[in-house]
């Protein structure tokens, strides 16, 4: 079995993140690559962009480039923003971990809503990674303390953590091969009547960089869904990911006209429901999404393992109210 070079692994593709793809407009044709990117991505300094180009985090038309390379109209630039987190500055913190399963190789954790998975983007402490370091300081020897995929901050549910380099290497391969099974419960707006699938490519939103969207030139994204319970104004569905893109379920359900209940980013303008339902949605204070089932091949025993958890109490409370929901 060949070894994986951890320095070359695109971890963001494993934990459901994607590069920023931009196209060179006509008015920047003939400019240096770094100069063009300063204009297109003003959030980042020229020196930082130059370093990313040298590190290989930025590709021009799919190829490695140099800062001084010229760009031309309709050239495509892909920017994979590095995490830039120094493991030496990540401090162990006593954060309660709900451990569903643990052995010498892996841990399966039920992440609560509200907990960020790892430091970055303004969240430098009080993350799952800080808690893992406190729980087991040996995890510092494993890339990202064993984290190989992630959930959005306000999505709760199951995650697997590798405790050894060998287990981490194996789980990375399984994620790349798409053999890790991830199932979610989602409460969506409107009434879905039959099971279906959404096969629509996803990439960064063309104008809102912090959002994702269905984009013709995006990466392949496939979500299957089954109807679990039809509610008067909502539907409880089970979603199964065939791919793992950033915000995939949230984007796909919005795309077919059924955004997740309570979703602050992709929910759009919430229809006017009765007062009790509106209060319940406000009290939820997050998107109605839970990773409730996780299946994978155990790195050591090679046996298929699967774990599941019941619907979270806040989602149970929401569904109970929505059973009597009505439009106003």
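The values are calculated or read from the model by the stated rules, or taken from the named source; none is laboratory data. Here the structure is a predicted model, which means the values were calculated and not measured. Because the Cβ atoms are built from the backbone with ideal geometry, glycine has one as well, and the counts that use them run over all protein chains shown.
Mind checking which residues of segment 25-52 are under 27 Å from the mean Cα position of the chain (by Cα) and within 19 Å of residue 209 (Cβ to Cβ)?
Selection gives 37, 38, 40, 41, 42, 43, 44, 45, 48, 49, 52.
Take the residues of segment 60-91 that are under 24 Å from the mean Cα position of the chain (by Cα) and buried (at least 17 other Cβ atoms within 10 Å of the Cβ): which is modelled with the highest pLDDT?
Ranking the candidates gives 77 first.
Considering only residues that are surrounded by 16 or more Cβ atoms within 10 Å (Cβ to Cβ) and either more than 23 Å from residue 270 (Cβ to Cβ) or at pLDDT 95 or above (or both), which ones fall in segment 203-212? Show your work before the answer.
Restricting attention to segment 203-212, the residues satisfying the condition of being surrounded by 16 or more Cβ atoms within 10 Å (Cβ to Cβ) are 203-204, 212.
Once the filter is applied, which keeps residues that are surrounded by 16 or more Cβ atoms within 10 Å (Cβ to Cβ) and either more than 23 Å from residue 270 (Cβ to Cβ) or at pLDDT 95 or above (or both), segment 203-212 yields 203, 204.
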